[in-house]
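Notes follow the structure.
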Amino acid sequence: MLDKNTSPSTCATTRCNTSETLDAFKDHDEDDGVAVEDDEADDAVEAVASPPPKKGRSASFAEPQRRPSRIRKDAAVDPSNLEGPEAPPCAGPGCPQPSQLCRQTSRNSNRPPSPHYPHIALSLSRSVSAPGAVYIEWEEGDSEDPMNWPRRKKWTLVIAVFLFTAITAIIAVGFDAGQEQVTREFGVSGTVYLLGNTAYLGSVAVAPLILAPFSELVGRKEIFIVSAFLTALMLIPQALATNIYGIHIPRIVQGAAASAGNSVTGGIVADLFSSHDRGLPMGFFAAIVFIGQGIGPLATAYTVQAHGWRVSLWWQGAVALFVAVVMLVLFDETRGPVLLSRRAKKMTKECGGKTIYRCRADDEKLSVLQMVKTSVSRPLIYLLTEPIVTSFALWIALLWASVFMSVGSIPIAFGDAYGWTAQQSSLVLLILAVGGCLGWLLNLVQEALYNRAWKRHNGEPPPEARLYLPSVGAIMVPVGLFWFAWGCREGVDPVVPILGLIFFATGVFPIYLGVFVFLSDVFRRYASSALAAQSFLRNVLAGTLSLAVPPMYNNLTPPIASSVLAAIAAVLGLTPFILFAFGPQIRSMSRVAKALQREEEEAEEQRQAAREKELRRERRRRAKEETLAKYGRAADGQQDDATPVTASTGMTMLRLARLREEEEAEAARGVTGDDEEKQASQVGRG
């Protein structure tokens, strides 16, 4: 039974995750000052507000039968130990009031960790709930939820991130320009020099296995800012190097830092934009990558030719440092669970620790060794066990290797066919930037097609709706490679192979973009780990196969070498068509996708239940207002017009009105309490 001084529960939208929760609370209506009870606690509040009935009257209004409070079971709580103390209410001097808490904080989370997939694939550690804690989630429309940030703030942040992505692309592909001068100065072979690029791409491949899941746990901001400054600072020892090791070793660290510009960017876009709005920012991201890869070799080649390879590294470092400063100023945390965890800690502090607030991310108990082990294994598990990740990783890995092999093969092919110098051949690499721009324009068509699918499926299009244009790119890539292979020959105008390369680059763009948005749609909040898996294979192949460019093109001749790549691209290009035909069946084999779908369905059920509950409460509030307006101020003349209607007086008047209605109904049937006594006495005397 509730005491008269019982304080309201913490918030109308948060509940204690204990063995037994009493949902008796009042939701104060600020407009009319009348206390409106939750439909589940109405009788308990009425029992507190109303005095006991007088003898001879019906007790149906005074002693209602209390509904049993709902017991919320958590997956991590032992069902056999459901009896326990209630969570202490928040009553500290700094604790937000219920009306404030409902607006500022989040609704409760009663979604347990998913049992449908091994914990190693869904979380960084085992999940253990804290007994007596209040679990919170984002409210719909919460201004602190990154999904609800203003568009200007979202785009300012992603532009800063894309600048970092651009400089990492320039650093990656601009390395080849200094090969001739560095090998001559340090007395090493070209293959030894190219190991610097392999080291860079190797770090880009391995580092996301740790950085991407780690960013899901601790947040994006710190990782991105540290990565940006490391990327810039690692150019200083390279520019001052006195031997080849002074270049290779810093590039290992630099590649690890620069990997955040690719692998975690997809996760940031997923943090900020819904699946419906994600296509446009991801299109800009892919365009920035291609433009950087096209401009980088040209800018570095001309700088090396005019001022030397060290100057080339200095200007790259200056640009990278500027980008790092921009990110330091503009970047805000975008990871929703991290922000929610910070809010829970703040609420706990404001309550003086009398109530412990948590979110599901706080249930992760970590050790450094366990975190590293699991964060490395999770993307690899995706790569080996998820057919969607495996097929897309193989597809984009070959295409990305083809891009880097083209950067190394263009000087060989155009030098053999037309006698062009390395500086002249670097102009051809601008086709990557042209292809990126054309691909971005074509992506507008993809977005229009996706929007049509979005409307056709009532806002829930299948992920395959992201693959309309990538399926066209799957045809364009092998055609462009065959075109370049057999068009780059002596006696054929150089425009012919250049057009083939433009066709190739334009086809690669939608595939590269499609991989990011498709995996983001399928794996949602675990998108960074899925993208880290494909990034690992993509950069490993790009780094290793780039070493094979000189012997492959010299031994097989450029036409045959490029034809081999085209044939492999044609086979792997069947991937989007297979997904169009069997996409739902393939996704049904993904345990991660199934678990996430179940969680989405549960969340939608919770939202629907909350909406229905709010409608019921609104109907009850209106009914009580009408009853008070009809009976309240006229009940036995006890209330003066100037007397305000409080919770207790309003409930008392309502009870009196109900009792009077019952007496009138009995009188209408011709039987009163006095008649019953007379009849009983007569029967007794008889």
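What's the ranking of 493-506, 535-548 by average number of surrounding C-beta atoms within 10 Å, highest first?
Values: 493-506: 20.1, 535-548: 22.4.
Most protected by this proxy first, the peptides run 535-548, 493-506.
Classify region 146-589 as rounded, prolate or oblate from the Cα gyration tensor: take a ≥ b ≥ c as the square roots of its eigenvalues, call it rounded if a/c is under 1.5, otherwise prolate when a/b beats b/c and oblate if not. Spell out each step's value before the answer.
On the way: a/c = 1.97, a/b = 1.34, b/c = 1.48.
Oblate is the answer for region 146-589, as a/c is 1.5 or above yet b/c matches or exceeds a/b.
With a ≥ b ≥ c taken as the square roots of the eigenvalues of the C-alpha gyration tensor of region 450-546, please select rounded if a/c is under 1.5 and otherwise prolate if a/b is larger than b/c or oblate if it is not?
Working: a/c = 4.79, a/b = 1.68, b/c = 2.85.
Note, shape of region 450-546 comes out oblate.
For Tyr357, enumerate residues with amide H under 5 Å from its amide H, sequence gap 5+ or separate chain, H modeled in the peptide plane.
Here the answer is Val134, Thr348, since their amide H atoms fall under 5 Å of that of Tyr357.
Starting from the Cα gyration tensor of region 198-281, take the square roots of the eigenvalues, sort them a ≥ b ≥ c, and report rounded, prolate or oblate (rounded when a/c is under 1.5, otherwise prolate if a/b is larger than b/c, else oblate). All intermediate terms of the calculation are to be shown ahead of the outcome.
Working: a/c = 2.57, a/b = 2.55, b/c = 1.01.
It comes out prolate by the Cα gyration axes.
How many nm separate the modelled label positions at Glu333 and Asn555, each set 7 Å beyond the Cα in the direction of the Cβ?
5.3
Which distance in Å, rounded to a whole number, links the C-alpha centroids of region 173-230 and region 438-506?
Here the answer is 29 Å between Cα centres.
Just going by the charge dipole of region 146-589, with Lys and Arg at +1 and Asp and Glu at -1 on Cβ, which of Gln423, Ala569, Ser215 is farthest out on the positive end?
Ser215
So for region 146-589, averaging the separation of alpha carbon pairs under 8 Å that are six or more residues apart and normalising by length, what relative contact order in percent results? Intermediate results must be reported in sequence, preceding the final value.
Values: 696 pairs, mean separation 106.6, N = 444.
For region 146-589, the relative contact order is 24 percent.
Given the peptides 584-590, 556-562, arrange them by the average over their residues of other C-beta atoms within 10 Å, most packed first. Please list the in-between numbers first.
Details: 584-590: 14.4, 556-562: 19.1.
Per-residue mean Cβ counts within 10 Å order the peptides as 556-562, 584-590.
Just so you know, all these numbers are worked out from the coordinates, no wet-lab data involved. These numbers come from a predicted model, not from an experiment. Neighbour counts are summed over all protein chains in view; Cβ atoms, including those assigned to glycine, are modelled from backbone coordinates with ideal geometry.
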